[in-house]
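Asker: Supplied in structure tokens, the structure appears directly below.
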Amino acid sequence: MSRNEQKAAVAHAAIRYVEDDAWIGVGTGSTADLFIDELAKIKGRIRGAVASSVRTAERLKAHGIVVEELNNLVERDLPVYVDGADEVTEHGAMIKGGGGALTREKIVAAVARRFVCIGDASKLVPVLGKFPLPVEVIPVARSYVARQLVLLGGQPAWRMGHTTEHGNWILDVSGLTILDPVALEAKIRALAGVVTVGLFAQRGADVILLGGDAGVRTLTPGR
Ligand code: 5RP
């Protein structure tokens with residue numbers, strides 16, 4: 001199966017985690033886009049969706065799916081959030097933010113009772129860090145945070161020409177071998193000027209659906 005076929009297969013498989021008559025959190029990226037296309041087929045079963053980016057909201061609306069802001073929901077949490085990842089371990093820790101939507105993704109993930117991560121087989125890694133770790137920073141803090149990230153062993157590169165939906169900048173940090181993702185997430189998050197770090201380890205994936213030649217593989221680190 002090609003990478004795209006694998007993404008389509010996991011997007012389809014994720015539909016069985018969608019709860020009827022409820023809101024669903026929807027992530028951002030090429031795999032999430034395919035999930036949205038699948039969701040459109042069962043849109044009559046759900047109340048609507050909470051999007052993790054403007055791009056996702058637009059795709060959902062184009063399919064006629066109701067999109068609601070998290071602040072407007074009466075419910076305190078969402079049953080399910082479905083999103084892709086740039087890297088994921090079998091323990092459910094992820095690097096996300098390749099598409100730049102990490103802040104809203106983290107917020108929607110925080111209110112979800114279940115995080116379903118979908119990706120092609122290449123996303124599963126033994127150790128996080130080969131994919132540069134995105135860190136969203138307030139613009140005035142860029143140099144300071146970059147120097148601190150060097151002290152943590154990384155090589156930050158400014159994602160030039162990219163401003164996030166929240167008016168911030170992103171540093172992509174390469175050269176990290178992330179053996180303790182929970183600890184590194186806490187350390188980077190604590191730096192002054194950091195808005196979000198693209199490490200999703202403290203709140204990782206509960207279910208991982210991975211594509212592959214033999215079909216969709218399901219890992220359940222959340223159990
Ligand atoms: C966007 C993300 C995406 O989930 C991640 O980049 C994976 O994208 P794709 O499904 O296109 O490989 O975190 O901010």
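Asker: It is to be established whether one or more residues within the range 180-195 are outside any helix (DSSP H, G or I) and under 29 Å from residue 24 (Cα atoms).
Answerer: Yes, the conditions are met somewhere in the range 180-195.
Asker: If you don't mind, another one. Give the residues of the range 121-151 that are loosely packed, with under 15 Cβ neighbours inside 10 Å and either assigned to a strand (DSSP E or B) or hydrophobic (A, V, I, L, M, F, W, C) (or both), sorted by residue number.
Answerer: Of everything in the range 121-151, those that are loosely packed, with under 15 Cβ neighbours inside 10 Å and either assigned to a strand (DSSP E or B) or hydrophobic (A, V, I, L, M, F, W, C) (or both) turn out to be 127, 140, 150, 151.
Asker: What are the residues in the range 100-135 that are within 9 Å of the ligand (Cβ to nearest atom) and touching a Pro at 6+ places or on another chain (Cβ under 9 Å), if any?
Answerer: 100, 102, listed by residue number.
Asker: What number of residues in the range 6-29 are open to solvent by 10 Å² or more (accessible area, probe 1.4 Å), within 15 Å of the ligand (Cβ to nearest atom) and not β-branched (Val, Ile, Thr)?
Answerer: 7
Asker: Testing residue 214 on (1) more than 16 Å from residue 97 (Cα to Cα); (2) in contact with a strand residue (DSSP E or B) (Cβ under 9 Å, 6 or more places away or on another chain); (3) not aromatic (Phe, Trp, Tyr), one condition comes back false. Which one is that?
Answerer: Looking at each condition in turn, residue 214 falls short on (2).
Asker: Within the range 56-102, how many residues are β-branched (Val, Ile, Thr), modelled with pLDDT of 95 or more and out of contact with any strand residue (DSSP E or B) (no Cβ under 8 Å at 6 or more places or on another chain)? Before the answer, list the steps.
Answerer: Filtering the range 56-102 for residues β-branched (Val, Ile, Thr) gives 56, 65-67, 74, 80, 82, 88-89, 95.
Subset that is modelled with pLDDT of 95 or more: 56, 65-67, 80, 82, 88-89, 95.
If we keep only those that are out of contact with any strand residue (DSSP E or B) (no Cβ under 8 Å at 6 or more places or on another chain) as well, we get none.
Result for the range 56-102: 0.
Asker: Given the residues 47, 55, which is the only one that is open to solvent by 20 Å² or more (accessible area, probe 1.4 Å), out of contact with any helix residue (DSSP H, G or I) (no Cβ under 6 Å at 6 or more places or on another chain), under 19 Å from residue 16 (Cα atoms) and of a type outside the set (Phe, Trp, Tyr)?
Answerer: On the way: 55 fails: under 19 Å from residue 16 (Cα atoms).
Criteria check complete, one pass: 47.
The values are calculated or read from the model by the stated rules, or taken from the named source; none is laboratory data. Since this is a predicted model, take the numbers as computed values, not measurements. No Cβ is skipped: glycine too gets one built from the backbone with ideal geometry, and neighbour counts run over all protein chains shown. For the accessible areas, the whole protein counts, side chains as well, though only heavy atoms, and no ligand, DNA or RNA atoms are used. Shrake-Rupley method; radii C 1.70, N 1.55, O 1.52, S 1.80 Å.
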